[in-house]
Each structure stands twice: as C-alpha cells, then as structure tokens.
1. If we scan region 319-339, do we find a residue that is assigned to a loop (DSSP other than H, G, I, E, B), modelled with pLDDT of 95 or more and open to solvent by 40 Å² or more (accessible area, probe 1.4 Å)?
2. What single numbered condition from (1) in contact with a Leu (Cβ under 9 Å, 6 or more places away or on another chain); (2) acidic (Asp, Glu); (3) open to solvent by 10 Å² or more (accessible area, probe 1.4 Å) fails to hold for ASP126?
3. Between residues in region 259-285 that are in contact (Cβ under 8 Å) with a residue 12 or more places away in the chain and open to solvent by 20 Å² or more (accessible area, probe 1.4 Å) and residues that are of a type in the set (Gly, Ala, Ser) and outside any loop (DSSP other than H, G, I, E, B), which pairs lie under 7 Å by C-beta distance while being six or more apart or on different chains?
4. If we scan region 414-426, do we find a residue that is over 23 Å from GLY335 (Cβ atoms), at pLDDT below 90, out of contact with any strand residue (DSSP E or B) (no Cβ under 7 Å at 6 or more places or on another chain) and open to solvent by 80 Å² or more (accessible area, probe 1.4 Å)?
5. I want to confirm something. Restricting to region 293-314 and keeping residues that are within 17 Å of LEU237 (Cβ to Cβ) and either modelled with pLDDT under 95 or in a loop (DSSP other than H, G, I, E, B) (or both), which single residue is nearest to the chain's Cα centre (by Cα)?
6. Name, by its number, the condition in (1) touching a residue at least 24 places away in the same chain (Cβ under 8 Å); (2) open to solvent by less than 60 Å² (accessible area, probe 1.4 Å) that does not hold for LEU59.
7. Looking for something outside any helix (DSSP H, G or I), touching a strand residue (DSSP E or B) at 6+ places or on another chain (Cβ under 6 Å), in contact (Cβ under 8 Å) with a residue 40 or more places away in the chain and under 27 Å from SER159 (Cβ atoms) - is there at least one such residue anywhere in region 87-94?
8. Scan region 131-186 residue by residue and report those that are within 26 Å of GLY233 (Cβ to Cβ), modelled with pLDDT under 90, touching a helix residue (DSSP H, G or I) at 6+ places or on another chain (Cβ under 7 Å) and open to solvent by 30 Å² or more (accessible area, probe 1.4 Å).
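The values are calculated or read from the model by the stated rules, or taken from the named source; none is laboratory data. In this text the structure is predicted, and so the values were computed from the model without any measurement. Positions of Cβ are backbone-derived with ideal geometry, glycine not excepted, and every protein chain shown enters the neighbour counts. For the accessible areas, the whole protein counts, side chains as well, though only heavy atoms, and no ligand, DNA or RNA atoms are used. Shrake-Rupley method; radii C 1.70, N 1.55, O 1.52, S 1.80 Å.
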Amino acid sequence: MKRGLQENEQEEGGGPSGGYQKSIKWSTKQEEEEKELEEQGASWEFLPQEILLHIFQYLPLLDRAYASLVCRGWNQAFHMPELWRCFEFELNQPASSYLKATHPELIKQIIKKHSNHLQYVSFKVDSSRESAEAACNILSQLVNCSLKTLGLISTARPSFMEMPKSHFISALTVVFVNSKSLSSLKIDDTPVDDPSLKVLVANNSDTLKLLKMSSCPHVSPAGIMCVADQCHGLRELALNYHLLSDELLIALSSEKHVHLEHLRIDVVSENPGQQFHTIKKSSWDAMVRHSPKFNLVMYFYLYEEEFDPFFRDEIPVTHLYFGRSVSKDVLGRVGLTCPRLVELVVCANGLRPLDEELIRIAQRCTQLSAIGLGECEVSCSAFVEFVKMCGERLKQLSIMEEVLVPDHRYELDDIHWEVSKHLGRVWFPDMMPTW
C-alpha cells in the first residue's frame, strides 16, 4: 500500500523530489527563453542606440561614465557625439569650494575625443584664480570646435578679473576665430576688451543673437557700437549703464537692424556719490518706435542720493528691480514715468508708508502683472485698493507679511480673504522673499 502511494506521488509530481524536478524544468525553460530573447536582440546589451542616447541624456555625468563600463554597446553610446554637444565644466578648488569639480582626466578625454562635438559650453568657476586659469587653458585648446553658445560664470567674486588680461583675451580669441557660428555669449565680470569684440564680430556677425557682458570694465561704448553696427541679428543685449548712450540706442533703432527683443541694463554704483549720465527721452522713443515690443530690464544698485538723473522723463522700462533701498520719492516718479512697467521688485524702502506711490503705480502702469515688496511698509487698506485696481492681471504678488501694516479697516487676518477675492485665486503673504 505504501509502495503504491509512493508510485502515485511520483507519477503526479508529488513527494519530496517533485517540486525540485519542477523547478529544474522551470529554470531550464527560463534560460531557453532568455537565450531566445538574446538571439532576437531583446537583451539590455542590444538596446537600440537612439533609446540608449535618450536614457543617457538624463543621467548625471558620473553615472553615465559608470554605465559605459557595462558592455561594449553602452560604451559606444557613451561616446556618441549627441551626448557631448552640451557640457558644463565645473572648475573649483577643493580647499575653497564645496562644489563638485569636473575631474581633470575627464577634461583631457573631452578635449581629445569630443572637442569637435561641443556646441553649447559653459564654465562655472569659483573665486580662485587657479580655476579661472584652468578655464582659459581649456578654451585655448578648443581649436577644432564650432561653438554656438559660450558662458563664463563666476559662482563667487569675479575670478576672471584677477588673471592676466592677455591670457584671458588670447584664450577667448581662439573660440571667436574658430567657432564662426556663435549665437550666444555670456561673459559677465571678465577682462574682455574692444579689440576682442572686433574679433568676435569679424567671425560671428551673422549668427550672434545674445550678448551678455555686464561688469566688463575694459569695454568702451565704441566696442558696443561695433557690435550694434555689425550684428544685425542681435536679439538680446545686456550691459552696464555706463556703456549705454544715446548713440547706441539710435544705432539699435536704425532700419538695418533686426528688432531687439531684450535690453538689460545694470545700473551699479561702485562708490557712494558716483555721477551718472542721462539718456534723452527722444532716444528711448526711437527705440520703442523701431522695436515696440522689446523688453527693457533694469537692475538698480544705487545709493539714495544717486537716483537724481533717473525717472525724470518717461522711460520704456518693463522690468524694474531695486536691489538697495530706494526712496519714497523715486518710487513716486516710477509711477509717473514708467507706463510700460510689467514687473516691479523693491527689496527695501524704509519706514515711510508707500500707500500713495503704490496707488499711483496701479493707476498709471496698466500693464503691471508682477510685484514684489521686501523691507517696506504699506497700509492694509492701500494694499487692498492696489490689488482691487490691478485685479486678476496680477499674476505674481510676492509681499512679505511684515510689509502690511494693520489699520482701521483691515487686520492681517482679514487681508488674505480680501486680496484673494480681487485676485480670483487663493493668496497669502510670503514668509520669506521669493524673488
């Protein structure tokens, strides 16, 4: 009887050895299926190159390098030209920076194997002179590339200004001469000069669309005029106020120029009491007639007594930022002279309420859609009236809670509901600045 039961269990696959035999069969079957899939090209190793490229584009550089060690196909994908068109060199000294740096061996490999593939390149350097010099050494070796964009970014104080000017100009000229197709150039806080701008224009005048070069003390108005006269496709220009002139605005307004879309001006005081020149209203008017939709972005970092030349006549500014304390009088003039204003940010003002000034801005600046207020004071009643006048066109309203002063009509607890009603959406004051 027992013997018969054992025979039945073996026939039905039961007993102590049945599951093991079944697992062996299953393992064998799985291996056969995997082998068949590999033969059909369904293995990870045989992923199509376009899929691998898409995946690799989302990987950090270090992970991409590790992935290239998996197999020959992935290593080939790692070196595809499409992956090296856009690259950011991070150059930091470990002793003075917490940021990660691009490994020197990787830099050598990029210059050796991929320099001719680079098109969109930026350099992020810390405050050390060594990092700035390393960036220039890399630039001087990019003789086989055809860059479309180049950005030099100082993460702290402008380290490029501390290196020999001739070394920097020599390295930058290599890129200007060999690229021939630069469309975007961002070289803030660098010792670039007029002769190097002439080299840029001579080789890239047909393609240059964006030039951002604030805080470049060796550039003169004549250098900017050279760019304006030759680069007819220029769409965006950013520079310091001392380089802005009536002649430049007239040049940008001439018929031969394609319409400028963005003009950014940094108005920065190096020393208290610095004198600033005045731009004629007629020059601004010519610019608006030629490019009626252009954005004029102005950043002010001035001391209170230095604002006298500004906002005396109408100015077509669209985005206005005050980085230092600005007086009640100046903000009152803003409401009278900036009819195209779209965005206003005031980081600090003082202890005098800005009720009248804010109401005037709402009345006169009919395109205003974004405002940010930091260390200022506005009564709750005036603020509600301001929002009521602007209505739902206020897409961004960043107001610190400390700005709002309770009065006989509204307490802070009431302001949330009243403002939300006029905006058509839920709104709360900010606890921290968001601009």
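1. As a first pass, look at region 319-339 and keep what is assigned to a loop (DSSP other than H, G, I, E, B): 326-327, 338-339.
When the remaining residues are screened for being modelled with pLDDT of 95 or more, the result is 338-339.
Still in the list and also open to solvent by 40 Å² or more (accessible area, probe 1.4 Å): 339.
Checked region 319-339: at least one residue is assigned to a loop (DSSP other than H, G, I, E, B), modelled with pLDDT of 95 or more and open to solvent by 40 Å² or more (accessible area, probe 1.4 Å).
2. (3)
3. That search, which allows pairs on different chains as well, returns ARG264/ALA238.
4. No.
5. If we filter region 293-314 for residues that are within 17 Å of LEU237 (Cβ to Cβ), which is where we start, we get 293-299.
In the following step, the residues that additionally are either modelled with pLDDT under 95 or in a loop (DSSP other than H, G, I, E, B) (or both) were identified as 293-294.
Values: LYS293: 22, PHE294: 19 Å.
Restricting to residues being within 17 Å of LEU237 (Cβ to Cβ) and either modelled with pLDDT under 95 or in a loop (DSSP other than H, G, I, E, B) (or both), the top hit is PHE294.
6. It fails just one condition, (1).
7. The answer is yes; a qualifying residue exists.
8. Matches in region 131-186: VAL143, SER146, LYS180.
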